[in-house]
1. What range in the chain is the longest one free of GluC sites (Glu not before Pro) that are in a loop by DSSP and have at most 10 other Cβ atoms within 10 angstrom?
2. Hey, got a sec? Which trypsin sites (Lys or Arg not before Pro) in the stretch 1-72 land in a DSSP loop and have at most 12 other Cβ atoms within 10 Å?
3. Rounded, prolate or oblate: pick one for the stretch 11-82, where a ≥ b ≥ c are the square roots of the eigenvalues of its C-alpha gyration tensor, a/c under 1.5 means rounded, and failing that, prolate if a/b is larger than b/c, else oblate.
4. Say each of Phe162 and Ala135 gets a label point 7 Å from the Cα, pointing the same way as Cα to Cβ; how far apart are those two points in nm?
5. If the reach is capped at under 29 angstrom between alpha carbons, list the lysines near Lys76, excluding any in the same chain fewer than eight residues apart.
6. Place a +1 charge on the Cβ of each Lys and Arg in the chain and a -1 charge on the Cβ of each Asp and Glu, then give the dipole magnitude about the Cα centre in debye, rounded to the nearest 20.
7. Only Lys, Arg, Asp and Glu count, each charged at its Cβ (+1, +1, -1, -1), so figure out the dipole size of the stretch 204-401 about its Cα centre, rounded to 20 debye.
8. For Ala54 and Arg280, what does the FRET efficiency come to when R0 = 41 Å and r is the distance between their Cβ atoms, rounded to the nearest 0.05?
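No lab work stands behind these numbers, since they all come straight from the coordinates. All values derive from a computational prediction rather than experimental measurement. Cβ placement follows ideal geometry from the backbone for every residue including glycine, while neighbour counts extend to all protein chains displayed.
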Amino acid sequence: MARTPPSKLWNRDFTIVWLGNAQSDLGSALSTVALAYLVLDLTGSVAATGMVLALGMLPGLLAPFAGTLVDRVPLKAPLLLGDLCKGLLGLGVWYLAVRGELSPDVLYAVALLQGGINTFYNSAFRAWLPQLVPAGELARANGLMGVASQSTTVVGLVAGGFLVSLLGSATVILLDAASFLLMAGLLLLVSNPPRPARAGENTYFQDLREGLVTLWASPILRLIPLLGFFAMAAFAPLNSAMPKHMLDLGGGPEAFGVFVALVSAGMLLGSMAVTWLGARFDARRSVTLGYGLAAAGFTLLALAGSYVPALAAAVVIGLGVGLVTLANTYLLQTLVPHGQLGRAFGVLEATGQLGMPLTLLALAGFIDRVSLPWVFAGAAAVTAALTLAWAVVARGQRAQAGEPVFQVAEAGGSAAD
């Protein structure tokens, strides 16, 4: 059905999407815990769990190609189809598990398929959001999405262990499947926004090239995915080295669990700050502040002599990550033409997905022979360099345009700097 431009933030369509996404994220967080134990029960192997995670991330490398397809179809279509397919995959895993017919190979295949679906879904969702709310409320809308996602993720990760113990892994995965199917049903109630008019009938690869040219034409836009690659590289040690580092600092698995939860809590604080600021949100300045906070958090982590300051570092790092993530999303949404947002977010996802696994592979050969504080000191140096690089380019762009440095981006704009 036709859709009139929204006049307020909490309009019918945004409210439905916000509630649906929150419950879906809760189901995904529950399933994360359940899937880990399901793989462990089937294989008894930690490596198999890592394989499932890796296969889920692998399709992200093709995100620019998926984003190009997203930009060629009505945006609701990949979302509706994605939730429906993920729900059916979850039902299939549950069915095979309760019948005792589930195998590791099936889980590997499901992880790869879900990763592929998410590659389309993530680009489409972030490209769709600017059309659900008034331009002046876009920053607050992104913040509200972050608040819902991160709070339900924290709750889901904590509750997941209890539910797996109480109901079993298969039943928890069934709950996740139901959340995807419910989201698909809710999307049917949301109006389908019109696609932006196309200047001509480009081929698929002409569209792909057009999106890359748009990003490359602006120093700000081409810096976002480039810094994203190095940021994910800097954050890689948090995945591989923190469990051992917590043991070295006198903590244990419980302390590591608290560390992970506090990173999420820091991200939640960032989302709450953006929601509170609303139209006053300064995206460029927030990127500088976010990378600076991450550098400070890694420095504190490197200097920590016990696990208590390390836990404080987790909040600081999470806050930095939250600000950078929301600011980058907002900048792409407001500086890239709406008809190219799928491609822009695809490039951002692909560079981020590439940075972390390459760094983990590079660290694997020597990280056991290096003092871990030096590894985190290296991460601090990288994020400090990112802070400086962003600040210099952002200041130069503002000065070149004759505008005050770090002026708030015009919400709803569509042209690159």
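1. In short, 202-417.
2. Filter output for the stretch 1-72: Lys8.
3. In terms of gyration-tensor shape, oblate.
4. Computed distance between label sites Phe162 and Ala135 equals 4.7 nm.
5. Lys8, Lys86
6. 740 debye
7. Dipole about the Cα centre, nearest 20: 500 debye.
8. About 0.50, to the nearest 0.05.
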